[in-house]
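*Asks:* After the structure tokens below, expect a handful of questions from me.
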Amino acid sequence: MATDCIAQVTFQFHGLRRPVVAQFNQAHASSDGGAVLLKALDDRLGVTERLVASLTDPRHRGKVRHELIELVRQRVYGIACGYADCNDAARLAEDPVHKLLLDRDPLDGRALASQATLSRFENAVGRPALYLASVGLADLVIEQHRARLGGRARRITLDLDPTDDPTHGQQAFSFFNGHYDTWCYLPLVATLTFNGEPTQYLVAAVLRPGNSPAKHGAISLLQRLLPRLRAAFPGAILRVRLDGGFASPEVLDFLDAEAVEYVVAMASNVRLVKRSRRLMGRARMLARASGQTEHLYGETRYAARTWTRKRRVIIKAEVVRHPGRPPKNNPRFVITNLADPPAAVYQVYGARGDMENRLKELHQGLALDRTSCHRFLANQFRVLLTAAAYILFQALQAHAQGTACADAQVSTLRERLLKLAVWIKGSARRIVLQLPRSYPWLTAWRQIALAIGATPA
């Protein structure tokens, strides 16, 4: 029987003679049973502990109900499970799995922190703590892969990419950006690729004002990351890939001074278009003969007026053909210090296109753009919390290799592995998670659990 305290609905299905009653009355059940995988990974990697190590707690010790580590974990695990807002805290306060993730008794433990507590926590973090937290996450990622690869890597590729974060309120430093045609922030995201591996690992995410040029903060971020990579992987060749917004004389001079390999896209201009005419003419002849899109590669030595010297510029002469449309010239240019043939250099640059998938995961899977606090620094802290959740997911992706979830992205991993109904029972000796016998991803879930430290029964 339904009451004011027990939500209940009844269905009358044509093929069944009895009514079907749905009651929300299981206090010791949760829909996030698989999130214990995240906790196991965090215990191994120490992601949330690394974040907390950078924070100081100004609160009066006698009045503290939720420790910093608990607040960080509540937010990071919540974001990973799809609860991006502090407002979600009210719905999760008594969830037994989320209590368990914070090392509380899932049945009798204290409720989680409220929305107000979490908001005060996010807004209390200052600039020095944010810097230390960002450095701490970068160090953790680099240490993780140094251990994985035994400190040996032939080449490490560092990609930087800006992404838009549309704003819809009165957030500080939200400005109109003509390129994206919206009021926004402009986060800068950095990833690492080791050797010829396909995966780009998140290593840094920096929130920037919406009117920032693409190059803003790039040199300082590289100054932070390059020495750490050299110390962790002595002898490795470091390569930097950047899109056209970073092609400033300051960035190029910095890359030359650091003696790293680089491929940097460059916007078209009259001089470069003139130098590409002959190659474009040959590409047009090929496209006319084949009736398809054709491209050729060449190179030139070029220096803009603000550059200190000439550099090698790769030319991609492309003619795009679509049915029912006239052919379109599409010349592209890439600045590089690589000695490889032009086509090979452009292929190196083209591989950075997978960075878009990382940005989609951050935006669509983990709500990187949920930067709705008024204070800019609080929003930067939210970006770091999201980055921490993504680091855990990338570790989960690595352990999912060889399973049915091998190539799954964040949203699919959450749906298959974390969103799992569970009924929790406890005794003096142990806590038991009772999961559905008919769970379709059981084999993959169990394989991952064993890989990250669980023991078979």
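The values are calculated or read from the model by the stated rules, or taken from the named source; none is laboratory data. This one's a predicted model, so the numbers in the text were calculated from it and none came from an experiment. Neighbour counts run over all protein chains shown; Cβ positions are idealised from the backbone, glycine included. These area figures cover heavy atoms from the full protein model, side chains too; ligands, DNA and RNA do not enter into them. Shrake-Rupley method; radii C 1.70, N 1.55, O 1.52, S 1.80 Å.
*Asks:* Might you let me know whether segment 33-49 holds any residue that is free of Cβ contacts under 8 Å to residues at least 60 places away in the same chain and under 24 Å from residue 132 (Cβ atoms)?
*Replies:* Yes; the residues of segment 33-49 include at least one that is free of Cβ contacts under 8 Å to residues at least 60 places away in the same chain and under 24 Å from residue 132 (Cβ atoms).
*Asks:* So how many residues does segment 93-115 have that are assigned to a helix (DSSP H, G or I), within 23 Å of residue 133 (Cα to Cα) and open to solvent by less than 10 Å² (accessible area, probe 1.4 Å)?
*Replies:* Qualifying residue count, segment 93-115: 1.
*Asks:* Looking at segment 14-72, which of the residues that are among the hydrophobic types (A, V, I, L, M, F, W, C), open to solvent by 40 Å² or more (accessible area, probe 1.4 Å) and within 18 Å of residue 92 (Cβ to Cβ) is nearest to the chain's Cα centre (by Cα)?
*Replies:* Selected residue: 69.
*Asks:* Within segment 189-213, restricting attention to residues that are within 11 Å of the chain's Cα centre (by Cα) and not in a loop (DSSP other than H, G, I, E, B), which residue is surrounded by the most Cβ atoms within 10 Å (Cβ to Cβ)?
*Replies:* Step by step, filter segment 189-213, then rank; the result is 203.
*Asks:* Checking residue 257 against (1) touching a Phe, Trp or Tyr at 6+ places or on another chain (Cβ under 8 Å); (2) modelled with pLDDT of 95 or more; (3) open to solvent by 80 Å² or more (accessible area, probe 1.4 Å): exactly one of these is not met. Which one?
*Replies:* With respect to (1) touching a Phe, Trp or Tyr at 6+ places or on another chain (Cβ under 8 Å); (2) modelled with pLDDT of 95 or more; (3) open to solvent by 80 Å² or more (accessible area, probe 1.4 Å), residue 257 is out only on (1).
*Asks:* What's the number of the only condition in (1) more than 25 Å from residue 241 (Cα to Cα); (2) touching a Gly at 6+ places or on another chain (Cβ under 9 Å) that residue 408 fails to meet?
*Replies:* With (1) more than 25 Å from residue 241 (Cα to Cα); (2) touching a Gly at 6+ places or on another chain (Cβ under 9 Å) applied to residue 408, the lone miss is (2).
*Asks:* Filter segment 162-176 for residues that are outside any loop (DSSP other than H, G, I, E, B) and open to solvent by less than 20 Å² (accessible area, probe 1.4 Å); which is nearest to residue 398 (Cα to Cα)?
*Replies:* Checked segment 162-176; the qualifying residue nearest to residue 398 (Cα to Cα) is 162.
*Asks:* Is it the case that some residue within segment 79-92 is open to solvent by less than 40 Å² (accessible area, probe 1.4 Å), in contact with a His (Cβ under 6 Å, 6 or more places away or on another chain) and either among the β-branched types (Val, Ile, Thr) or outside any loop (DSSP other than H, G, I, E, B) (or both)?
*Replies:* Yes: segment 79-92 contains one or more residues that are open to solvent by less than 40 Å² (accessible area, probe 1.4 Å), in contact with a His (Cβ under 6 Å, 6 or more places away or on another chain) and either among the β-branched types (Val, Ile, Thr) or outside any loop (DSSP other than H, G, I, E, B) (or both).
*Asks:* Which residues, counting only those in segment 225-245, are of a type outside the set (Lys, Arg), on the phi < 0 side of the Ramachandran plot and surrounded by fewer than 17 Cβ atoms within 10 Å (Cβ to Cβ)?
*Replies:* Residues satisfying the conditions are 227, 231, 234, 237, 244.
*Asks:* Condition first: touching a residue at least 12 places away in the same chain (Cβ under 8 Å) and surrounded by fewer than 20 Cβ atoms within 10 Å (Cβ to Cβ). Now tell me which residues in segment 328-347 satisfy that.
*Replies:* Once the filter is applied, which keeps residues that are touching a residue at least 12 places away in the same chain (Cβ under 8 Å) and surrounded by fewer than 20 Cβ atoms within 10 Å (Cβ to Cβ), segment 328-347 yields 329, 330, 331, 337, 338, 341, 343.
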